[in-house]
1. Based on this model, can you work out whether Val291 counts as free of Cβ contacts under 8 Å to residues at least 60 places away in the same chain, open to solvent by less than 40 Å² (accessible area, probe 1.4 Å) and either β-branched (Val, Ile, Thr) or assigned to a loop (DSSP other than H, G, I, E, B) (or both)?
2. Can you list residue pairs whose Cβ atoms sit under 8 Å apart, with the first residue in region 69-91 being at pLDDT 55 or above and hydrophobic (A, V, I, L, M, F, W, C) and the second being open to solvent by 50 Å² or more (accessible area, probe 1.4 Å) and not in a loop (DSSP other than H, G, I, E, B)? Count only pairs 6 or more apart in sequence or on different chains.
3. Have a look at Ala176, Ala180 and point out the one that is of a type in the set (Gly, Ala, Ser), assigned to a helix (DSSP H, G or I) and at pLDDT below 95.
4. Restricted to region 581-613, and to residues that are within 13 Å of Leu566 (Cβ to Cβ) and over 25 Å from the mean Cα position of the chain (by Cα), which residue is least open to solvent (accessible area, probe 1.4 Å)?
5. Counting only residues that are part of a loop (DSSP other than H, G, I, E, B) and modelled with pLDDT of 90 or more, which one in region 193-228 is farthest from Arg307 (Cα to Cα)?
6. Which one of the conditions (1) open to solvent by 50 Å² or more (accessible area, probe 1.4 Å); (2) assigned to a loop (DSSP other than H, G, I, E, B) does Arg158 fail to meet, given that it meets all the rest?
7. Looking only at region 184-215, how many residues end up being among the hydrophobic types (A, V, I, L, M, F, W, C) and touching a helix residue (DSSP H, G or I) at 6+ places or on another chain (Cβ under 8 Å)?
8. What pairs come up if the first residue lies in region 369-380 and is within 16 Å of Arg417 (Cβ to Cβ), the second is of a type in the set (D, E, K, R) and outside any loop (DSSP other than H, G, I, E, B), and their beta carbons are under 6 Å apart, counting only those six or more places apart or on different chains?
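The values are calculated or read from the model by the stated rules, or taken from the named source; none is laboratory data. Please read these numbers as outputs of a predicted model, since none were measured by experiment. In this analysis, Cβ positions are derived from the backbone assuming ideal geometry, glycine residues included, and neighbour counts consider all displayed protein chains. Quick note on the areas: whole protein, heavy atoms, side chains included, nothing else; ligands and nucleic acids left out. Shrake-Rupley method; radii C 1.70, N 1.55, O 1.52, S 1.80 Å.
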Amino acid sequence: MTTHAMEKVYSGDGAVRLYRAGEETDPDAFRARRRTRRKRLAEQLADGSAKTRYFPVLSVLAPVMTQSEGEITYPGDPMCLYTALSLAVHRAVADAGPLADATHYSDLAPEWTRFPDKTYRLSSGDDGYRSYGTSPNTDQTVFDPRVWDDDARARWTRLLREVRPRVVLISAVSPAHRYALQIAELAKREVPDTFVILGGRHVDETTAVTPDGRALLLKPSSTLAVMQEGKAPRVVDAVVSGEAYHAVDLLMRALALATDLDRRRVDRDQVLPCLQGLLAEEGPGAGSSLVALTTTDAVDAVPLRGRALDLGSLPSPYAAFAIRSRFPIFTRPETAEPLRTAHFMVSNACPYRCNFCSESAQLSNGLKRFKDDAIGTAVQRVCEYLSYGAESLFFDDSVFWSGRYRDIGNFCEELSRIRRTPPDSLDPRYRQFLADEDDIERLRGLQWGAQLTVDTLVALHSADASADILRKMKEAGCSYVYIGIESMSTQVMDHIHKNLRREEGKPWREKVREAASLVKEQGLQLGTSVLFGLDGETRASIDETIHEVGRLIDDELIDLASPNILTYHPATPVTRSHGMHDRLDYHSPRIDNRKPYIYFEEAFPDVVSVLLTEDDIWHIHHETQHRWGGARNDAAPVAVEPGS
């Protein structure tokens, strides 16, 4: 093992064993074991000694908040979790039924047996808590607490005691990682034999394989590293990183095959052989990912490098889960009631390289998009979401359609066309989802929003081209555009990879104003994100940004402004340049998550910008609240705290 300043490189000896997918497998023995198990389970089901072939599963999105006071984000659906599970759940439901007909799960299977019906979908509220019940649909197997507090702990404990899950899957970004570990620890306490899998952006950013595929790289804050070093309890049995769609499906099937037929507990010694057996038969599927299994003395890591991934070929994330988001930016005209809002993504990374952002394609497995018949597939999925009860959509792409105007224009034209088309004349691929008049009405009244950038609107395209594309978006139902301003200070913007194609005599703040004007001229709402604590930040630049954003609000060019504090993510260049790469603590169970940090998304002491003092953060909170007024996007109470 060689130790570097940033990460640990494990070559496969000692603490880590690195395997090639499908190696060291006896195919004949693997097939014989499956036949024997299937025959025995069939006998158990026939004589009544086994009542079911399904084992209970719970999936969890670890929240980043410990209290709702000051939360500045609207509660949304846990799309990272839904997306990662989409293929595995879809295949499990398709395979549910009599054992004799099962092909994907050849014997035991997770209790993902049926999708929610339309009545259930339309009656779902915006609460993340579900009742598992005695015969759950796939949506009821999710625990989504939104905040991690005493009430959430108590609910999670009760759910564990009720369900006794054999597998728990958890998704977490870095600020949620400490709570993910607590969720896993409670699972192990209540159901000691449950098998815990952790995935999500934190694992993606901290756990990877070297480009040559011969060593495992762990950043200091990775789950595997903190467990091996005794900084966190050993409560996670496997981590999955990268494009995990096929990896999660393969791992769940391996766990099913490794589960003892009598005790219904996972035999951990059998997980790797079963995973390797499936890989030897089928290969890794699409995408690039990693499965790492923890044992008492080592980590068994299996890199999976499959064919190129087409996001449009994956099952819809909402096929298995109800839409629960209610975004106040989309409202019913007659009542101002927030609409049921589905999240949508046609590309999974950002084409730009801002040094503070973890969404850059260069930090992931590259930019993946809808490929084959991208426009038709995307519009078809819009219709599918409408059939699930969606009244509005928000496109979560870092940049809508990766900023490609041709794709944006073609998508909007096709969506506009079907909104005008009489129901009986709709293409069958769309009509199949729009079964009743309510679905058609949702199509006619659809509102949606998307993310663009200042550079996309005013640097990479002409004003006329941007105005034309915004007009097409408006005609297709778009009512809201979101852009990242980051800062209005030139001394800050000169340090990050933004403000492309800089023009002499035209500062960044003028480009921001130009972009905002283009959006507002088309009658669209504009939301913005502002990030304090970037390189070059001083109290003067903070005040400059607050003032200049305030001017845009005064001029009615911004409807919502969201203040944020630079928070270090493990893989971003700014984390390294600020000397924080080996100092991040995203694992300690107790953290003083106090004011003023709770007023900002993902902000915690010791992981926010070293360029900001706590007094600076108080200043940002008070001044944005005062200067931006009702345009500030948060729920923070107006108060004067002691010592502030």
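1. Numbers: free of Cβ contacts under 8 Å to residues at least 60 places away in the same chain: yes; open to solvent by less than 40 Å² (accessible area, probe 1.4 Å): yes; either β-branched (Val, Ile, Thr) or assigned to a loop (DSSP other than H, G, I, E, B) (or both): yes.
Considered against the rule, which asks whether it is free of Cβ contacts under 8 Å to residues at least 60 places away in the same chain, open to solvent by less than 40 Å² (accessible area, probe 1.4 Å) and either β-branched (Val, Ile, Thr) or assigned to a loop (DSSP other than H, G, I, E, B) (or both), Val291 comes out as yes.
2. If the second residue must be open to solvent by 50 Å² or more (accessible area, probe 1.4 Å) and not in a loop (DSSP other than H, G, I, E, B), the pairs left are Cys80/Arg201.
3. On the way: Ala180 fails: at pLDDT below 95.
Of Ala176, Ala180, the one residue that is of a type in the set (Gly, Ala, Ser), assigned to a helix (DSSP H, G or I) and at pLDDT below 95 is Ala176.
4. Leu612
5. Residues of region 193-228 that are part of a loop (DSSP other than H, G, I, E, B), as a first pass: 193-194, 200, 210-215, 219-222.
Filter once more, so that each one left must be modelled with pLDDT of 90 or more: 193-194, 200, 219-222.
On the way: Asp193: 35, Thr194: 32, Gly200: 21, Lys219: 27, Pro220: 30, Ser221: 30, Ser222: 27 Å.
Looking at the filtered set, the residue picked out is Asp193.
6. (2)
7. First, pick out the residues of region 184-215 that are among the hydrophobic types (A, V, I, L, M, F, W, C): 184, 186-187, 191, 195-198, 203, 208-209, 215.
Filter once more, keeping what is touching a helix residue (DSSP H, G or I) at 6+ places or on another chain (Cβ under 8 Å): 186-187, 191, 195-198, 203.
Result for region 184-215: 8.
8. Partner pairs satisfying both residue conditions: Ile375/Glu414; Val379/Glu414; Gln380/Arg429.
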